[in-house]
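The values are calculated or read from the model by the stated rules, or taken from the named source; none is laboratory data. What you see is a predicted model; the values in this text were computed from it and never measured. Neighbour counts are summed over all protein chains in view; Cβ atoms, including those assigned to glycine, are modelled from backbone coordinates with ideal geometry. Each accessible area value is taken on the protein alone, full model and side chains, heavy atoms only, with ligands, DNA and RNA left out. Shrake-Rupley method; radii C 1.70, N 1.55, O 1.52, S 1.80 Å.
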Amino acid sequence: MRMRISATLSLFSVALTLGGVLNTAGRAQEMRAPASSDFHTSASNLIIPQARAYTIRPEAQRVQISAVHADVRILHQVATTTMDVSLSNSSNQQQEAEMLVPVPDGAAVRSFTFAGSASEPTAKLLPKAEARSIYQSIVSKLRDPALLEFAGYNLVRSSVFPVPARGTQRVRLVYEHLLTAEGNRIDYVLPRSESFEARETPWTITTAVQAKSPISAIYSPSHQITVAHTAPGHAVVRVGGEPKLEPGPFRISYLLEGNGLTASLLAYPDARIGGGYFLLLAGAPASARAENRPAIKREVTLVFDRSGSMKGEKFEQARAAALQVVEGLDEGEAFNVIDYSDSIASFAPRPVVKTPDSMREARSYIKRLAADGGTNIHAALIEALRQPPTAGTLPLIIFLTDGLPTVGETRETAIRRAVIATNPHERRIFTFGVGYDVNAPLLTSIANATRATGTFVFPTESVEAKVSQVFRRLSGPVLAAPQLATLDANRQATTRAVRELLPAELSDLFEGDQIVLLGQYRGDEPLRFRISGNYFGTPRIFDFKFDLNSATTRNAFVPRLWASRKIARLVEEISEAGADVAQMARAGSHASAMRMSRMPVSVSDVSAGATDPKLKELVDEIVRLSTEYGVLTEYTAFLATDGTDFSRREALNEQAQRSLVENAQQTRSGMGGVTQIVNRSAQGAQTSANRANTFLTQNMERIEITNVQQVTDRTFFRRNNRWIDARLLHRERTIEPDQIIEFGTPEFYRLTDRLVAEGRQSIMALLGEMLLLIDGKTVLIKAPPAK
């Protein structure tokens with residue numbers, strides 16, 4: 001059921017055409033609206049902050065958008081959006097500009113101000129139909145179809161105003177609208193262009209949320225965000241610090257706290273899989289400590305590498321990190337310190353409760369440690385796992401190493417299996433790899449297998465800072481050992497309702513954490529989930545029921561996020577299967593490696609065309625998902641290359657297989673091994689779009705692939721100046737379009753209207769020709785070339 005709360009009368013009493021606005025002299029001036037919906041302007045420039053600036057008259061100098069800052073204040077489901085737009089004019093002549101701002105349904109303009117003087121400033125809020133007419137008029141004049149992506153929005157059209165010569169004009173628009181809600185979830189959308197060309201405009205976005213109830217989770221599927229909870233019902237959201245903001249609308253959803261764990265569902269219908277895709281968002285109470293509810297106590301064991309390679313600054317930082325962790329424990333929590341090289345030592349035979357006496361002894365013990373010897377990772381882990389647990393605590397291990405296993409058991413598969421087999425107390429192992437000379441897949445797989453995470457400290461980074469950052473996140477355990485079950489209508493466990501859950505196992509929930517679970521659902525019956533676990537030290541069960549009648553193609557980010565995580569999981573399987581092959585090959589024992597491997601295939605075998613059925617199956621699925629959803633990684637980036645022939649699918653799969661064997665399997669340490677794991681870990685836990693397909697190369701270079709784009713729920717590959725629907729790639733070289741639509745014709749705008757009705761008008765943001773699959777027919781849109 002949709003939940004709406006009544007807004008204050010003042011929100012809806014704001015006139016669509018403002019009665020007045022103040023210039024810098026403080027004079028109120030009458031605001032007059034444009035006479036018609038057709039776009040007529042005497043201005044020399046057109047400004048659309050969500051997209052770009054256009055020069056209307058050829059002789060005019062272009063006005064640039066130098067910055068856009070959006071400040072969003074959400075108060076009890078009413079959002080006030082303030083857009084500050086800075087315009088720069090580098091010419092020696094004063095320029096005139098007109099501004100168009102697409103806004104959501106129900107928006108009401110509260111104010112529009114700018115610096116300087118203007119004889120007849122105007123501002124008017126236009127409904128969708130009138131706005132669409134204006135956009136079509138502009139598109140026809142400028143021959144740029146990208147603006148049609150805003151055809152589904154209302155529009156604020158501002159007055160003509162001067163931009164001073166070699167100066168800056170600052171404009172402020174403030175509008176309000178009532179946010180939509182679904183149960184305890186409230187959604188906000190700030191319209192922005194899907195076009196990567198529009199990313200040249202510098203944007204910053206800050207959102208402050210004030211709710212009547214405490215906020216349990218805040219999530220953005222569109223952008224990476226940081227969230228600061230300033231009070232139980234107050235939070236500040238900032239978009240991640242990328243130099244160029246990810247394109248597309250800015251979206252956030254937040255959950256209001258219920259009775260314990262709160263959850264909501266975002267669903268995308270897809271008849272091809274007999275149901276669709278879903279994203280389950282859940283959050284624990286953020287106000288737990290404010291209500292004096294005691295969090296679960298922790299037992300932390302620091303497993304500390306003191307091998308000879310740690311000597312120097314690394315060792316001093318690691319010692320400082322160990323002291324900081326122990327000092328940071330709450331009273332009554334337990335700890336131990338295990339230090340290892342080729343031999344194993346420990347502060348105590350089992351974890352001890354933090355007291356003034358135990359702290360004094362621990363400080364002395366840590367300060368006396370010295371670095372020498374080899375690296376016995378296997379024995380150190382077994383020693384940490386065999387400790388008797390401290391009753392009533394969540395057992396955590398912080399495991400730190402800067403090297404490969406060189407003493408005792410060194411086989412990656414054997415160490416990984418030993419960790420799983422000798423962990424009866426279900427200790428979580430948070431691993432830290434210091435530098436590049438570590439077995440990155442081993443450390444990450446150990447962490448993943450124990451509901452923890454792996455972290456890597458690059459040579460230029462501080463060990464102390466990285467360990468402290470992770471340890472701060474481990475404060476206040478709220479829900480330990482969570483288990484997820486899917487129920488049928490009779491509340492009995494079923495395996496038929498959902499499949500392909502990612503992650504397959506839920507991690508512990510700490511203060512400020514949230515669950516983002518992705519999967520596929522079958523049918524259209526309501527989904528029922530049960531999450532159980534140790535909730536604030538007490539066993540508790542939470543049942544949720546979600547109707548699927550709100551599933552919509554506008555949630556196209558859900559299947560893409562699922563595909564990203566699925567690809568990461570498939571690559572992890574391939575990597576783990578090649579662990580001992582790679583190790584034995586490095587040792588020069590190829591024959592032994594072939595006998596030990598579950599997948600008897602080497603680089604030369606792959607090159608010769610030999611294939612293992614299991615490996616081939618995994619690679620084929622990776623290529624299929626990459627093509628269908630436009631999710632490319634370092635292993636499949638070649639798919640974006642001009643000239644790639646998708647009609648030769650087997651050849652593409654073999655090329656991907658070579659890349660996966662040579663890199664994911666054979667490269668396990670060094671800079672290349674670490675960067676692969678960093679990429680894979682980010683992808684496996686991905687919660688936001690990453691539309692640019694950003695990843696790190698093995699030389700630590702940041703790469704983007706923007707000639708493959710998923711727009712709404714369609715994927716396009718760019719070939720020369722033409723965007724091709726991914727569903728047509730296998731026959732792109734021989735295809736004859738069933739219909740050709742020329743830009744600006746009635747057929748062109750009828751197609752636009754259809755895309756608007758489907759919520760897919762953002763496809764028009766792709767500049768250049770487009771080859772689409774519509775109703776089983778191929779349609780070539782002859783749009784103007786990209787400028």
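Brief remarks on what is shown
- Summing charges over neighbours of residue 426, with a neighbour being any other residue whose Cβ is under 13 Å away from its Cβ, gives 0 when K and R count +1 and D and E count -1.
- Near residue 409, once Lys and Arg are set to +1 and Asp and Glu to -1 for all other residues with Cβ below 14 Å from its Cβ, the sum equals -1.
- Overall form of the range 630-707 per C-alpha gyration tensor (a/c, 1.5; a/b vs b/c): oblate
- Spin-label proximity, residue 522 to the range 239-281 - amide N less than 20 Å from point 7 Å beyond Cα toward beta carbon: 267-280
- Relative to the compact-globule estimate of 2.2 N^0.38 Å, the Cα radius of gyration of the chain comes out at 1.04.
- Positive minus negative residues near residue 739 (Lys, Arg vs Asp, Glu; Cβ under 9 Å): -1
- Ordered from largest to smallest accessible area (heavy atoms of protein chains, 1.4 Å probe), the residues 719, 411 come out as 411, 719.
- The helix-based estimate of mean residue ellipticity at 222 nm for the chain, built from -39,500 (n - 2.57) per DSSP H run of four or more residues and divided by its residue count, is -7000 deg cm²/dmol to the nearest 500.
- Normalising the average separation of contacting C-alpha pairs (under 8 angstrom, six or more residues apart) by the number of residues puts the relative contact order of the chain at 10 percent.
- The mean sequence distance of close C-alpha pairs (under 8 Å, at least 6 residues apart), as a share of the length of the range 150-289, puts its relative contact order at 25 percent.
- When the charge dipole of the chain is built from unit charges on Cβ atoms (+1 for Lys and Arg, -1 for Asp and Glu) and taken about the Cα centre, the candidate among 250, 113, 776 whose Cα reaches farthest toward its positive end is 113.
- Accessible surface, 1.4 Å probe, highest first, among residues 567, 703: 703, 567
- Taking 10 °C and 1.306 mPa s as conditions, the range 39-165 diffuses translationally at an estimated 104 µm²/s according to Stokes-Einstein applied to its Kirkwood radius (Cα pairs).
- Taking a ≥ b ≥ c as the square roots of the eigenvalues of the Cα gyration tensor, an a/c ratio below 1.5 marks the range 711-787 as rounded.
- Förster-model FRET efficiency, 51 Å R0, residue 350 and residue 461, C-beta, rounded to 0.05: 0.95
- Over 32 Å (Cα to Cα) - which of 141/777; 311/566; 466/614; 128/782 fall in this group: 311/566; 466/614
- Per-pair calculated FRET efficiency, R0 = 45 Å: residue 720 and residue 170 via Cβ, rounded to 0.05: 0.65
- In the chain, the DSSP beta bridges split such that about 75 percent are antiparallel, to the nearest 5.
- Carbon and sulfur %, accessible surface of the range 651-749 computed with the full protein complex present, 1.4 Å: 44
- Anisotropy class of the range 392-482 from Cα gyration tensor, a/c 1.5 cut: oblate
- A simple rule links phi to the HN-Hα coupling: the Karplus curve 6.51 cos²θ - 1.76 cosθ + 1.60 with θ = phi - 60°, which for the range 369-382 gives 5, 9, 9, 5, x, x, 10, 9, 5, 4, 5, 5, 5, 4 Hz, with x for Gly and Pro.
- The modelled label-to-label distance for the pair residue 80/residue 231, using points 7 Å beyond Cα in the direction of Cβ, is 1.6 nm.
- Surface per residue (accessible, 1.4 Å probe) for the chain, Å²: 40
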